[in-house]
1. Less than 27 Å apart at the alpha-carbon level, and either on another chain or at least 8 residues along: which lysines does that give for Lys32?
2. I'd like the distance between the alpha-carbon centres of region 87-124 and region 242-269, rounded to an integer number of Å.
3. Order these peptides, 184-195, 160-171, by their mean beta-carbon neighbour count within 10 angstrom, highest first.
4. What is the gain in length, in nm to one decimal, between Gln88 and Ser202 on full extension, counting 0.36 nm per residue of separation less the C-alpha to C-alpha distance?
5. If amide H atoms are built 1.01 Å from N in the plane of the peptide, which residues on other chains or at least 5 residues away come under 5 Å of the amide H of Ser42?
6. Could you please report the charge total around Val92, scoring K, R as +1 and D, E as -1 over all other residues with beta-carbon less than 15 angstrom from its beta-carbon?
7. Averaged per residue, what accessible area in Å² does region 1-104 show with a 1.4 Å probe, protein chains only?
Amino acid sequence: MMQHRRAGPVLDGQKLRFILSAGRTGTVFLSKMLAGMYPQHSIVHEPPSSRRTFMLANAEAAGWIPEGTALRLFTTNRARVLDRLPEQSIRVEINPFLYPLATQMCQIVEQLHVIHLVRDPRSWIQSMANFGAASWRRHLIDYVPFARAIHPTVKREWHTLDTISQFAWRWRLANEQLLACSRNTAQYSLIRYEDLFSSDRSHASESILRLLSILPPQSGNESPVVPWETRVNPGRKGKVKPWQQWPRETLDRVMEICGPLQKELGYTHSEGQSGRAEPGSGYVIRRMN
C-alpha cells in the first residue's frame, strides 16, 4: 500500500541500521555495550515513539485504524532524526518494538541493514511473561489495548488461549516477520541469544563480532572488550514457572506452535532432551551489492 504513496525509499540505510528481536534477548545489555564501544555513533534502545508505533501497528492489524499509519509515524520520526545526525555518525536502533513493520521497512529504507536476534521460544516465553514490561508499565500492560501483538492465525480464538500459548504465538509472529524481512535487505544477520551469551566465551565473542557487522569496521584489529559480568535488565520470577517444569502437554503445545520455525532458525531438539542451539550454526550473514 505504501508503495503507491511514495516514489521510493526515503531513509538512508547506510546511516540508519537495526538490531531487531521479539524482546528479552539481551538488547539493553547490547545497547550499553555498543554505546561504550562506539561513542562516535548513535546507539539507541527503544527510542521515543517506538511503543506508540508498535501499538498503532497492532491497531492496524485489528482493523481499528487505517493501514500504513504506523509506518508513516516511523518514517516521519526517523527522517527527522537522520536530519540531525552528525555527518560521520551512524544510528543503530536496537528495537524489539519494530517487528510488526519488518516486512514493510524495505519500502522506506534504502539499503536496509538488519541484525535479527532470536531466543529459544520456551525460555523466551518464561522470561517475557514474567517480565511484563519495564518500570511502571508492567502493572498496566495486560489492560492496555494493542499493547501486545496477536497472531492473525488465532485472532478469533485469542481470548480462549492460555498465557503460554499466547506468548508462543507472539514469538512465532515476531520471528516470522523478521525472517521474512531478510528477503529485502542489503545485509541480514541471524544471531541466537544462546550463542551470543554462551558460557563458552570464545564462542560468545565470535557471535559479538558477527553482531558488530551492523557497523562499519573500525581501524585496527583489536578484539572487543565485552563486560560479560555486568547484569542489565534481569528477568523476574512470576506466574510462569521455568519451562523445564512445564507439563509435557504444555511443551508439546508450544512445539506445535513454534517448532517448525524454531528449526528453521537453527535450533535442534532430541527426544527426552531439553533442546538446544547448535553452537556456531545460529546465524546467517548475507550482503547484497
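1. Lys15, Lys237
2. Here the answer is 25 Å between Cα centres.
3. Top to bottom by mean Cβ count within 10 Å: 184-195, 160-171.
4. This chain segment gains 37.9 nm when fully extended.
5. HN-HN under 5 Å from Ser42: Ile90, Arg91, Val92.
6. Spelling it out: positives minus negatives among the neighbours equals +3.
7. 44
The values are calculated or read from the model by the stated rules, or taken from the named source; none is laboratory data. None of these values were measured; they are calculated from a predicted model. Cβ sites come from the backbone with ideal geometry, for glycine too, and all protein chains shown count toward neighbours. The protein model used for the area step is the full one, side chains on, heavy atoms only, and it has no ligands, DNA or RNA in it. Shrake-Rupley method; radii C 1.70, N 1.55, O 1.52, S 1.80 Å.
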